[in-house]
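The values are calculated or read from the model by the stated rules, or taken from the named source; none is laboratory data. Just so we're clear, the structure is a prediction, and the values are computed from it rather than from any experiment. Glycine also receives a Cβ, built like all others from the backbone with ideal geometry; neighbour counts cover every protein chain displayed. For accessibility, only protein heavy atoms count, side chains too; no ligands or nucleic acids. Shrake-Rupley method; radii C 1.70, N 1.55, O 1.52, S 1.80 Å.
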Amino acid sequence: MAAIAMDFEDMLRKIKDRQWALADIDWDGPGAETITPELHARLKPFMADLMWIENVGARGFAAMAKKAPTETLREIYRYFHAEEQKHANAELALMRRWGMLEGDEIPQPNVNVKLVIDFLDKYSDDMSLSFLGTVIPMLEVALDGALVKFIMDEIEDPVCQEAFKRINADESRHLAVDFAVMDLLGHAEMRKLLIELVGGWVKPTFLIGVLSYVPLLNKMRDNIVAMGVDENKLYKALERYRNVGERSEFARRLPMYQIVKMHGGWVVNRDHPYHLLADALVKITARVPKRLLRRDPTWAKEITYEPAA
Amino acid sequence: MTNAQTLDVAVIGGGFAGIGAAIRLKQHGIENFAILERGTALGGTWRDNTYPGAACDIPSRLYSYSFAPNPNWSQTYSGSAEILGYIESMAARYRLRPHVRFGCTVTGISFDEDAGLWDVAIEGNAAPVRARAVVLASGPLSNAGFPDIRGIETYEGHKIHSARWDHDYDFTGKRVAVVGTGASAVQIIPELVEKAASVKVFQRTPGWVLPRVNRRTNPLTKSLYRHVPAAESLARRAWFYGHESVALGVVWNTPLTRVVELVGRAQLHRQVRDPWLRRQLTPDFRAGCKRLLMTDDYYPALQRDNCKLITWPIARLAPNGIRTAEGVEHQADCIVFATGFEVSKAGTPIPIVGREGRVLAEEWSRGAYAYKSVAVSGYPNLFFTFGPNSGPGHNSALVYMEAQIDYLVRAIGTILDRDLRMLDVRRDRQDRYNETIQRRLTATTWNSGCHSWYLTDDGFNATMYPGFATQYVNQLRSLRLEDYHVVSADASTRAARIAAVS
């Protein structure tokens, strides 16, 4: 199949044209009562995780903005970084609307999300674009994509629907660029790709990344199940990475794509022995003492539910 | 044209370059000239840039003319008021006032080939001017412009451009937004945080910040310079060669560039503790690629409780403030645009029509070029100060300007002394010169991959000179007439001149 060609200039123009602000949404509008007390209890930790997962993407895009080969792409990633923050802000605003926040408190994510954020914050600036450019799309389709879809399917509140409609539109542009870049990256010489792969893997820090990433997906599956939802929704999102990636012969050339895809295949197959490890890691990480975790990076304090500052 | 006054020289612009050219013309015995100034005061950039904290980032000793020394500089890096005072004192000292025509906006110039005269069109009812030679001293940093940001017209608060400061606006207790983090911004922000309730700084690209050690001049030093001019000249030389050595790291992309970056990084580490803020303030281009920022006050100001650095892209301006791409509206009572100038890298500041009706803006549409930055083939008897490829990255602009002025005064002296109709640089010499310049530019930091006001959108560098100031000055030391078409005036030229004026 033909390569996924994209006019990045045109995409940047589109991104600029479609900017929205928190102030465009009436956060006090009717519909908050649709969140029943029972749903409220289950939704609160879910939203906290979702809000923080936006920051996983944000931090990834921030790193990619430094690596991108052209000014246009750098600018696109700068916008994506900001948009992920906007999504986190909007999700915080929803939590506030639903009475889930006490004072100025910023809810904490589960330990697995926190570990991944810690990892990205520490190391992502040192990773290559081809590395980030293949892993971040997986995190985006799997986590953001699945969880956002879940919210849209399950929550009736019209204000929430409006916010997530906008978030979804942004995310679809993120994914379009993600896959177009993966295709571009696949044009590189195989030798260069392999060097980058090996260079990425042999770093001891990479192991920390794997140990953070592996339990994250399984933990999110547990969350979805806890919300009373079919875990297949997450798996379908994971498969999207493979489905879209396979359309490009160049993306398929990326060794890292093959690895991420293979891993996705293990995750969606509950009978695969991989889950013995992943589920064990979820249990182990749950016991990580809080004091061992790094404090939130200062950029995390920038999240706000206020439309104006 | 009737009642036109014929001048030997029309100097367009009364800033540093125009004043310097006027002084040297007078010293050369040329008195029939006028400085055509669109404003109501002299000083150009330094008259316009009066924002709080405005100062030069080249030591004053070097940021002044060697032919008009000033032993009284109060500090190493003087503020705008003192520099403006210096410009005014030169005008008084060399009795330039009778030559200045204020409120005289030149709207275009065209060359009358038969008469060997430039027609200078002036806005309004001012008497038209014809001149044997024109010095275009309008300066690259003379047109301030608000940036092209969506919704800028919808903003209902107060707007100020750094180059058109509103001194009547009281910042006390106000919420202020500053757009831009270039050379002006890093001077304004430390002043604003002292007064305003809050200052939000909107950054697009962080620049390299180097320390600037500013000291007050000792009264004994001033006295020495007053009484022993050679001592001042020596100090100026020391500053000059000090800056020349910096070219090795700032002009060319060399291992010394890393040393400059190391100094920048050390300053950042010393002054900024938070790692994320440090990351946001770390440039991602070679030092020197964009203009270096010299300040000790900027980073501390950013970290004051009432100050905040915002690096999200600006989505649009709304009635109450700036909306950024993270979805938040940053409300502000006043927005300060420290967004620089409309630097002409292609096109010309005014329409210029040369020989056979050629239009310079059309020839320069892909990027400006000239012979030694001073003259352009096809536009005889016209001289630029700060013309194409004369920008310094490491040394005083005044050193470059002085060399241009001495060169053009020599050329104008030749036109007048020999009664030339045209002194027109040869196209082949100009082309050869520019080929060399562009080849040499490829190894410089400016062409190392960043986007800056030095480059056109196509990446053509029409702005900077790729070498030492010494090299630049040396190439302008003598006027080589073999590089020019030299056409003498004859009887018909003189008749055409008389016909043109009457």
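What the table shows:
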read-out: Members of segment B:312-325 that are farther than 14 Å from A:Glu83 by Cβ and either at the interface with chain A (Cβ under 8 Å from one of its Cβ atoms) or among the polar types (S, T, N, Q) (or both); value: B:Arg316, B:Ala318, B:Asn320, B:Gly321
read-out: Condition check for B:Tyr407: within 19 Å of the chain's Cα centre (by Cα), of a type outside the set (A, V, I, L, M), open to solvent by less than 10 Å² (accessible area, probe 1.4 Å) and farther than 19 Å from B:Arg429 by Cβ; value: no
read-out: Residues of segment B:259-298 satisfying the condition of being of a type in the set (A, V, I, L, M) and farther than 12 Å from B:Pro206 by Cα; value: B:Val259, B:Val260, B:Leu262, B:Val263, B:Ala266, B:Val272, B:Met294
read-out: Residue match in segment A:184-191 (condition: open to solvent by less than 10 Å² (accessible area, probe 1.4 Å) and in contact with a Phe, Trp or Tyr (Cβ under 9 Å, 6 or more places away or on another chain)); value: yes
read-out: Count of residues meeting criterion [over 20 Å from B:Val246 (Cα atoms) and of a type in the set (Phe, Trp, Tyr)] in segment B:396-452; value: 2
read-out: Test: residue in segment B:414-426 that is open to solvent by 10 Å² or more (accessible area, probe 1.4 Å), under 16 Å from B:Ala10 (Cβ atoms) and at pLDDT 95 or above; value: yes
read-out: Total residues in segment B:401-446, condition touching a residue at least 40 places away in the same chain (Cβ under 8 Å), of a type outside the set (Ser, Thr, Tyr), part of a helix (DSSP H, G or I) and more than 28 Å from B:Thr254 (Cα to Cα); value: 15
read-out: Matching residues, segment A:247-283, being more than 20 Å from the chain's Cα centre (by Cα), surrounded by fewer than 16 Cβ atoms within 10 Å (Cβ to Cβ) and without any contact (Cβ under 8 Å) to a residue 40 or more places away in the chain; value: A:Asn269, A:Arg270, A:Asp271, A:His272, A:Pro273, A:Leu276, A:Ala280, A:Lys283
read-out: Qualifying residue in segment B:69-78 (condition: in contact with a Phe, Trp or Tyr (Cβ under 9 Å, 6 or more places away or on another chain), open to solvent by less than 10 Å² (accessible area, probe 1.4 Å), modelled with pLDDT under 95 and more than 30 Å from B:Glu356 (Cβ to Cβ)); value: yes
read-out: Any chance A:Tyr123 is within 14 Å of the chain's Cα centre (by Cα), of a type in the set (Phe, Trp, Tyr), open to solvent by 30 Å² or more (accessible area, probe 1.4 Å) and at pLDDT 80 or above; value: no
read-out: Near pairs, Cβ below 6 angstrom, 6+ apart or cross-chain, from segment A:284-309 (within 7 Å of chain B (Cβ to nearest Cβ)) to any residue that is part of a loop (DSSP other than H, G, I, E, B); value: A:Thr298/B:Asp274; A:Ala309/B:Val328
read-out: Flag for A:Phe80 being of a type outside the set (A, V, I, L, M) and within 13 Å of the chain's Cα centre (by Cα); value: yes
read-out: Residues of segment B:246-281 satisfying the condition of being within 14 Å of chain A (Cβ to nearest Cβ), over 27 Å from the mean Cα position of the chain (by Cα) and in a helix (DSSP H, G or I); value: B:Pro275, B:Trp276, B:Leu277, B:Arg278, B:Arg279, B:Gln280
read-out: Scan of segment B:150-165 for residues that are more than 14 Å from B:Gly340 (Cα to Cα) and part of a loop (DSSP other than H, G, I, E, B), ordered by number; value: B:Arg150, B:Gly151, B:Tyr155, B:Glu156, B:Gly157
read-out: Check on B:Asp48, buried (at least 22 other Cβ atoms within 10 Å of the Cβ) and within 21 Å of the chain's Cα centre (by Cα); value: yes
read-out: Residues (touching a Gly at 6+ places or on another chain (Cβ under 7 Å), at pLDDT 95 or above and not acidic (Asp, Glu)) located in segment B:382-405; value: B:Met401, B:Ile405
read-out: Residues located in segment B:166-194, provided they are outside any loop (DSSP other than H, G, I, E, B) and open to solvent by 40 Å² or more (accessible area, probe 1.4 Å); value: B:Arg175, B:Glu191, B:Glu194
read-out: Sole residue being of a type in the set (Gly, Ala, Ser), at pLDDT 95 or above and open to solvent by 10 Å² or more (accessible area, probe 1.4 Å), chosen from B:Ala361, B:Ala315, B:Ala301; value: B:Ala315
read-out: Any hit, segment B:465-479, residues being surrounded by 13 or more Cβ atoms within 10 Å (Cβ to Cβ), under 30 Å from B:Ser245 (Cα atoms), more than 14 Å from every other protein chain (Cβ to nearest Cβ) and touching a strand residue (DSSP E or B) at 6+ places or on another chain (Cβ under 7 Å); value: yes
read-out: Conditions (1) open to solvent by 10 Å² or more (accessible area, probe 1.4 Å); (2) more than 30 Å from A:Arg294 (Cβ to Cβ); (3) at pLDDT 95 or above; (4) within 14 Å of chain B (Cβ to nearest Cβ); number of the one not met by A:Ile15; value: (1)
read-out: Checklist (1) open to solvent by less than 30 Å² (accessible area, probe 1.4 Å); (2) under 24 Å from B:Gly264 (Cβ atoms); (3) within 14 Å of chain A (Cβ to nearest Cβ); (4) in contact with a Gly (Cβ under 9 Å, 6 or more places away or on another chain) applied to B:Lys290, failing item; value: (1)
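Table: residues versus (1) among the hydroxyl-bearing types (Ser, Thr, Tyr); (2) touching a His at 6+ places or on another chain (Cβ under 6 Å); (3) closer than 20 Å to B:Phe468 by Cα.
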{"residue": "B:Gln203", "(1), (2), (3)": "no, no, no"}
{"residue": "B:Leu210", "(1), (2), (3)": "no, no, no"}
{"residue": "B:Asn214", "(1), (2), (3)": "no, no, no"}
{"residue": "B:Thr221", "(1), (2), (3)": "yes, no, no"}
{"residue": "B:Tyr241", "(1), (2), (3)": "yes, no, yes"}
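Listed here are the residues, each with its yes/no results for (1) of a type outside the set (Gly, Ala, Ser); (2) in contact (Cβ under 8 Å) with a residue 60 or more places away in the chain.
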position	(1), (2)
B:Lys26	yes, yes
B:Ala34	no, yes
B:Gly39	no, yes
B:Gly44	no, yes
B:Tyr51	yes, yes
B:Asn72	yes, yes
B:Tyr77	yes, yes
B:Gly85	no, no
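Condition check ((1) in contact with a helix residue (DSSP H, G or I) (Cβ under 6 Å, 6 or more places away or on another chain); (2) open to solvent by 40 Å² or more (accessible area, probe 1.4 Å)) across all residues:
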site	(1), (2)
B:Asn218	no, yes
B:Trp252	no, yes
B:Glu261	no, no
B:Val272	yes, no
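Residues checked against (1) at the interface with chain B (Cβ under 10 Å from one of its Cβ atoms); (2) open to solvent by less than 10 Å² (accessible area, probe 1.4 Å); (3) in contact with a Pro (Cβ under 8 Å, 6 or more places away or on another chain); (4) assigned to a helix (DSSP H, G or I):
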site	(1), (2), (3), (4)
A:Asp26	no, no, no, no
A:Leu39	no, no, no, yes
A:Arg42	no, no, no, yes
A:Leu50	no, yes, no, yes
A:Val56	no, yes, no, yes
A:Pro69	no, no, no, no
A:Ala82	yes, yes, yes, yes
A:Ala88	yes, yes, no, yes
A:Glu91	no, yes, no, yes
